[in-house]
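Enquirer: Before I ask anything, let me first share the structure, which is written out below as structure tokens.
FYI, it's all coordinate maths here, none of it is from the lab. Note that the structure is a prediction, hence the values are computed from the model and not measured. No Cβ is skipped: glycine too gets one built from the backbone with ideal geometry, and neighbour counts run over all protein chains shown.
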Amino acid sequence: MNEFHDTGERRRSSDTPLLITDLIDEETVRSIAQEAWSALIGDDEFLVPLPGGPPDDAVSSWVDVVGPWTGTVVLTCSRATAEELARCLLAEHAPPVLDAEDVHDALGELANVVGGNVKAVLPGPSALGLPELGSIPAAGPPADTCRVDLLWRGRSLTITVQGSAGAVHITPENNPQKNEVPL
Amino acid sequence: MRALVIDDSKVMRRIVAGILEGLGYEVQQAGHGREGLDVLAGGWVPELVCVDWNMPVMDGLQFVSAVRSNPTWRHVTIMMVTSESEHGQIVRALAAGAHEYVIKPFTADAIRDKLALLGLLPQDVVR
Amino acid sequence: MTLTATSFDWVRALVHKESAIVLQPGKEYLVEARLLPMARERGLPDVSHFVETVRHRPDPDSTRRIVEALTTNETSWFRDGDPFTALTSTVMPALLAARGPNERLQIWSAACSSGQEPYTIAMLLQDSLPNATSRVSITATDLSREMVARTRAGRFSQLEINRGLPAPMLVRHFTRAGNEWEVAAPLRRMVTASECNLAAPLPRMGPFDVVYLRNVLIYFDLPTKQTILRRVRELMRPDSWLFLGAAETTLGVDDSWERVVVGRSSAYRPLKGK
């Protein structure tokens, strides 16, 4: 838990770049994700703050945040977990057979929902990028990374909010389409 | 009643459309603001549009402004459904002409509550 | 096994008998979702097994919990909006005309839960009445200490904010506080929150001009309903207004009230001489 309360003083008094660890703590990120899970995955779905070890066959989705703090909100889990999430998200609206596109889309949308709410806690105004999907992005600089390891239905799921310096992604098409919100 | 659901996520479109269909709406879907405008321009003008903010080609805010600049669509009620949740962003959406704002994540009940506020809940839906 | 028609019909009949709330066909999913924790608690594989167990050997504790699980809704803003519309369109103008300019009006939200009802009232008054903060005070009470603390804090999660709060009111009366939203300070000052058990003798409060006692009586048997209505009435002014939940009425419970239609809502007013 980070006890630092951002008052904006730091930003006014120096040009030191903002560090995510000064802006948001693990519990806030977890509670944002928990709200998303309760609303979208199911009433009784809990994200337990326990590390579950690195998933096999990991897949990540992420959204970029560009503003006073610039970086990326990344959601990482195994492919099997992503499929289960997509099924829960669609619930009775799920087609008989889920295709890869549905799974990618669902994981991207979860990153978008968590990312949008993380962004709202950070100093603004900031723009939110469109969700992207690929293999695990490079870790951000440790001092500018807030990492939350969670278990959902016993499966491991990690959310990181990481500064841009280390965030180099490899997307399937290598075509990060962006849609900046006019500020 | 008719509703147009605009979101770049197919999964999210299906969820919102499913909720609205469950309430008795006839629903069409579009993947971004430009596609949404094409639906309206094609003559299918619904009572309600649910529109995401961040989308490729044309975002939700641009879509709202475009709809509001055309007087023939003035009776269309627009509800933004988006993960954009800063105070200032909600103010901007309302100023552009959106009537309501649902923050993602939402539940089916949240959509229904907002439609009740807007007087857009089909009459035969009993809680 | 999914819920059988027999199980569902039994639950519907039970809920209707106890709460007057009607579960429409198609609400099977609601029964499944709300009763699943109770089934699991008893080590039963699904809701149908649980319902069948209780149906064959009903016990008051299980039936009460089933009714509560199916009638307790997440609190929302402007819940059943009509009693709030009635406040600004009819009730407040009448009271303001009847009272002196320096008389403070007192409103009681008698089962305030996490605070949506008292703050809905506060926002409406702030938006419609000059100097609302000095003109009106709102007493918010709840049985639960936790709910009273939450009402006092005036902070709401994103999911709570999504439940029926009009967006223009959100931006006018709330600010972001971390990943929650906080009610503006002047509105928080209008609301005083405290614990209160409606089924016990009431503390010294009021006298109230308006009382919101909504979705509370449904949980009590007839004699308790009568006692509560009598005690509430003792805290109300002669020309005051009582709002009950949509499924509730004083008719057939306590004849010392006059039912009046206000817009699309009903209010109850103390009958003179009773």
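Enquirer: Charges only on Cβ, +1 for Lys and Arg, -1 for Asp and Glu: so what's the dipole of the protein assembly as shown about the Cα centre, in debye to the nearest 20?
Expert: Its charge dipole is roughly 2520 debye.
Enquirer: Another one. In a GNM of chain C with a 10 Å cut-off on Cα contacts, which of C:Thr133, C:Thr75, C:Thr90 has the highest mean-square fluctuation?
Expert: C:Thr90
Enquirer: Next up: Out of residues 5 or more away from C:Val216 or on other chains, whose amide H comes under 5 Å of its own, with H placed 1.01 Å from N in the peptide plane?
Expert: So C:Val216 has HN proximity to C:Gly245.
Enquirer: So what are the ³J(HN,Hα) numbers for segment C:226-232, from phi and the Karplus equation (6.51, -1.76, 1.60; θ = phi - 60°), rounded to whole Hz, Gly and Pro as x?
Expert: Whole-Hz 3J(HN,Hα) from phi for segment C:226-232: 5, 4, 4, 4, 5, 5, 5.
Enquirer: Here's a follow-up. Give a quick list of trypsin sites (Lys or Arg not before Pro) in segment C:134-227 that DSSP marks as loop, anything other than H, G, I, E or B, with at most 14 other Cβ atoms within 10 Å.
Expert: C:Arg204
Enquirer: Round to a whole angstrom and tell me the spacing of the C-alpha centers of segment A:144-163 and segment B:8-53.
Expert: Between the Cα centre of segment A:144-163 and that of segment B:8-53, the gap is 33 Å.
Enquirer: Separate question: How high is the relative contact order of chain B, in percent, counting Cα pairs under 8 Å that sit 6 or more residues apart?
Expert: Relative contact order for chain B comes out at 22 percent.
Enquirer: Hey, what number do you get for the protein assembly as shown at 222 nm if only DSSP H runs of n ≥ 4 count, each worth -39500 (n - 2.57), divided across all residues, to the nearest 500?
Expert: Computed ellipticity for the protein assembly as shown at 222 nm equals -11000 deg cm²/dmol.
Enquirer: Farthest toward the dipole's positive end in the protein assembly as shown, which of C:Pro186, C:Leu170, C:Phe8, given Cβ charges of +1 (Lys, Arg) and -1 (Asp, Glu) about the Cα centre?
Expert: Going by the charge dipole, the pick is C:Pro186.
Enquirer: Using a 10 Å cut-off on Cβ to Cβ distances, tally the other chain neighbours for every residue of C:168-179 and report the average as a whole number.
Expert: Shielding by partners across C:168-179 averages 5.
Enquirer: Within 10 Å of each Cβ of B:106-116, how many other protein chain Cβ atoms are there on average?
Expert: 6
Enquirer: As an exercise, find the ratio Rg/Rh for segment A:9-163 from alpha-carbon atoms, using the Kirkwood inverse-distance average for Rh.
Expert: 0.98
Enquirer: Roughly how tilted is helix C:5-19, in degrees to the nearest 10 and between 0 and 90, from the longest Cα axis of chain C?
Expert: 30 degrees
Enquirer: Can I ask one more? With label points built 7 Å along Cα→Cβ from the Cα atoms of C:Leu30 and C:Arg176, find their separation and express it in nm.
Expert: Here the answer is 3.5 nm between the modelled labels.
Enquirer: Which of A:Lys119/B:Lys114; A:Lys119/B:Lys10; B:Lys114/C:Lys225 have a Cα-Cα distance over 31 Å?
Expert: Violating the 31 Å Cα-Cα cut-off are B:Lys114/C:Lys225.
Enquirer: Where does each of B:Ser85, C:Ser256, A:Ser31, C:Ser109 land when they are ranked from fewest to most other beta-carbon atoms within 10 angstrom?
Expert: Taking fewest neighbouring Cβ atoms as first place, the list is C:Ser256, A:Ser31, B:Ser85, C:Ser109.
Enquirer: Also: Among C:Pro201, A:Ala111, A:Gly140, which residue has its Cα positioned farthest towards the positive end of the charge dipole of the protein assembly as shown, with +1 placed on the Cβ of Lys and Arg, -1 on the Cβ of Asp and Glu, and the dipole taken about the Cα centre?
Expert: Selected residue: C:Pro201.
Enquirer: Amide H of B:Glu47: which non-local residues (sequence gap of 5 or more, or other chain) have their own amide H closer than 5 Å, using H built in the peptide plane?
Expert: Close amide H contacts, sequence-distant or interchain: B:Arg2.
Enquirer: Order the peptides B:9-15, C:96-102, B:30-36, B:70-76 from the highest to the lowest mean number of other Cβ atoms within 10 Å of their residues.
Expert: B:9-15, B:30-36, B:70-76, C:96-102
Enquirer: May I ask you to evaluate 6.51 cos²θ - 1.76 cosθ + 1.60, the Karplus curve with θ = phi - 60°, for each residue of segment C:117-129 and list the ³J(HN,Hα) values in order in whole Hz, giving x for glycine and proline?
Expert: 5, x, 6, 4, 4, 4, 5, 4, 5, 4, 7, 10, 10
Enquirer: Enter the Cα centre distance for the pair segment C:69-120 and segment C:23-48, rounded to the nearest angstrom.
Expert: For segment C:69-120 versus segment C:23-48, the Cα centre distance is 34 Å.
Enquirer: In sequence order, what are the phi-derived ³J(HN,Hα) couplings for segment C:193-199 according to the Karplus relation 6.51 cos²θ - 1.76 cosθ + 1.60 with θ = phi - 60°, rounded to whole Hz, with x for glycine and proline?
Expert: Whole-Hz 3J(HN,Hα) from phi for segment C:193-199: 10, 8, 6, 7, 9, 5, 8.
Enquirer: How high is the relative contact order of segment C:82-270, in percent, with contacts defined as C-alpha pairs under 8 Å that are six or more residues apart?
Expert: 24 percent
Enquirer: With unit charges on the beta carbon (Lys/Arg positive, Asp/Glu negative), name the residue among A:Leu98, A:Val121, A:Ser60 whose Cα is farthest towards the positive pole of the charge dipole of segment A:9-163.
Expert: Ranked along the dipole, the leading option is A:Val121.
Enquirer: Right, another one. Using unit Cβ charges (K, R positive; D, E negative) and no other charged atoms, how large, in debye to the nearest 20, is the dipole of segment C:109-168 about its Cα centre?
Expert: 140 debye
Enquirer: Then there's this: Can you give the net charge of the other residues whose Cβ lies under 10 Å from the Cβ of A:Val103, counting K and R as +1 and D and E as -1?
Expert: Value of the local net charge: -4.
Enquirer: Right, next: If you count, for every residue in B:52-65, the Cβ atoms of partner chains within 10 Å of its Cβ, what is the mean?
Expert: Neighbouring Cβ atoms belonging to other protein chains average 3 per residue here.
Enquirer: Beyond 23 Å, how much of the Cα-Cα pair distribution for segment C:7-156 remains, as a whole percent?
Expert: Cα-Cα pairs in segment C:7-156 separated by more than 23 Å: 53 percent.
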